[in-house]
Structure formats: structure tokens, C-alpha cells
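Working notes, beginning with the structure itself.
The values are calculated or read from the model by the stated rules, or taken from the named source; none is laboratory data. Owing to the predicted nature of the structure, the values given are computational and were not obtained by experimental measurement. With ideal geometry, Cβ positions are generated from the backbone for all residues, glycine too; neighbour counts draw on all protein chains shown. What goes into the accessible areas is simple: the full protein's heavy atoms, side chains included, and nothing from ligands, DNA or RNA. Shrake-Rupley method; radii C 1.70, N 1.55, O 1.52, S 1.80 Å.
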Amino acid sequence: PAATATPPPSPAAITHHGRGLRGKAVMGKDGYAITPCGEQAQRIMEIAPEAQAFLDTYLKGGAHEFFVEAEGEEIDGGHVRVTRFHRLYSQGPGCEAQLDPNAFVAWGNEPFWAASDTGGSLRLEQPGGDALVATDNEARSEKGEWIVEGQTAKGLLSVRLAPGLCRDGMSDALYAWSATASFEGKQLKGCGFPGFERARK
């Protein structure tokens with residue numbers, strides 16, 4: 001067996017099929033267009049076959065304009081091709097969302113919880129209590145899943161992102177990752193979203 005490589009710095013790196021692509025998309029009669037964050041002009045958005053099912057599932061809700069967070073690549077004619085969707089929604093922060101330096105975010109409802117990995121600090125927050133913070137984390141990928149673990153003042157905190165369609169129940173958002181946070185013998189389930197790596201120079 002091959003030696004285990006150093007774990008990638010984020011789930012976005014594991015799944016990296018191109019650069020991060022974020023922007024407002026519209027569905028027209030002849031296909032899709034996107035205005036990428038930071039750009040003014042609309043571009044034709046093509047969908048790789050392996051990404052089409054995710055988009056089709058989302059569009060069953062009836063949305064015609066939606067926000068895209070995905071991986072993509074530039075192709076001829078100034079078009080972009082989505083190779084993998086991470087999250088689609090119609091109501092939300094869009095290009096205003098501050099995703100750096102998150103390696104990932106995850107959250108769930110009933111009870112509400114949120115976890116994030118912000119450059120070496122794994123945090124789990126729930127209403128009415130102090131955040132659990134683990135600063136010395138280990139991250140690894142296992143069978144396509146992304147796992148981050150670290151010791152907090154109350155014991156081990158583990159957050160796992162697994163590929164799979166996920167809805168948060170509070171919005172029309174569709175995620176490509178489900179999430180589980182484990183600590184003190186409890187498991188919290190929800191949806192996850194890998195952050196974006198900064199573009200490599």
C-alpha cells in the first residue's frame with residue numbers, strides 16, 4: 001500500500017476539480033447563465049454531466065434564479081463549466097458571504113448548532129452555551145469523507161463531512177455534503193459546506 005500523504009488543507013482541496021466558482025445564476029430558455037462574484041458580465045454556464053443531477057434536484061423546487069457555490073473551469077468563448085456543485089440557494093448572502101478563511105462550515109437545526117474550521121481552530125457553537133473550541137486539530141480524509149478532530153476543554157470534538165444531498169429544512173438551499181458533529185457522547189446532524197481555497201498563483 002502507498003504511504004499516506006499529508007492530509008489536504010480543506011475538503012475543497014480533496015474534491016478540487018477546478019477553481020472555486022461563486023455567482024448568481026439564471027435559467028433561461030436555452031440553458032444557464034452566471035454572473036460570477038466580482039464580475040459584471042453574465043457568462044454562459046455549462047454543466048458537466050456528473051454535476052447535472054444535483055442541479056436537477058434543486059430546480060425541482062421551481063427556482064429560476066439562484067446562487068451557485070461550486071467548482072468550475074473556464075472553457076472556450078469565456079464560458080464556465082461547473083464540475084461539482086457544493087451549495088445552491090435562492091435566499092441568502094450570495095457574494096457578500098465571508099467564506100475565507102473557513103476550511104468548512106457545518107450546521108443543523110433542532111437543536112440549532114454550527115461548526116467551523118477557521119484556519120486551525122475547530123469551533124462548535126450552540127445557543128445558550130459557550131463555544132467548544134479545539135485549537136490543535138487533526139484533519140484527514142477517509143473514503144471520500146472529511147473528518148476534523150480536536151481536544152476541547154470538555155473532551156474530543158469531531159466533525160465529519162460526507163458527500164450526499166442535504167437540505168437544512170429552514171431554506172430552499174441544497175447542499176452536496178451532510179455533516180455530523182460528535183462530542184460528549186452526543187451526535188448532531190446537519191449539512192456541511194467546504195470553503196474555498198484561495199486561487200493558487
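Computed values, structure above
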{"read-out": "Region 13-158, accessible area per residue, ligands and nucleic acids excluded (1.4 Å, Å²)", "value": "52 Å²"}
{"read-out": "Heavy atoms of ASP172: accessible area, 1.4 Å probe, square angstrom to 10", "value": "50 Å²"}
{"read-out": "Accessible surface of region 59-153 [probe 1.4 Å, protein heavy atoms]: carbon and sulfur percent", "value": "45 percent"}
{"read-out": "Cα gyration tensor shape of region 104-201, rounded if a/c is under 1.5, else prolate or oblate by comparing a/b with b/c", "value": "oblate"}
{"read-out": "For region 26-132, fraction of C-alpha pairs farther apart than 25 Å, in %", "value": "33 percent"}
{"read-out": "Local electrostatic count at HIS79 - Lys and Arg +1, Asp and Glu -1, tallied over other residues with Cβ under 11 Å", "value": "-2"}
{"read-out": "Three-way shape label, region 37-99, alpha-carbon gyration tensor, a/c 1.5", "value": "oblate"}
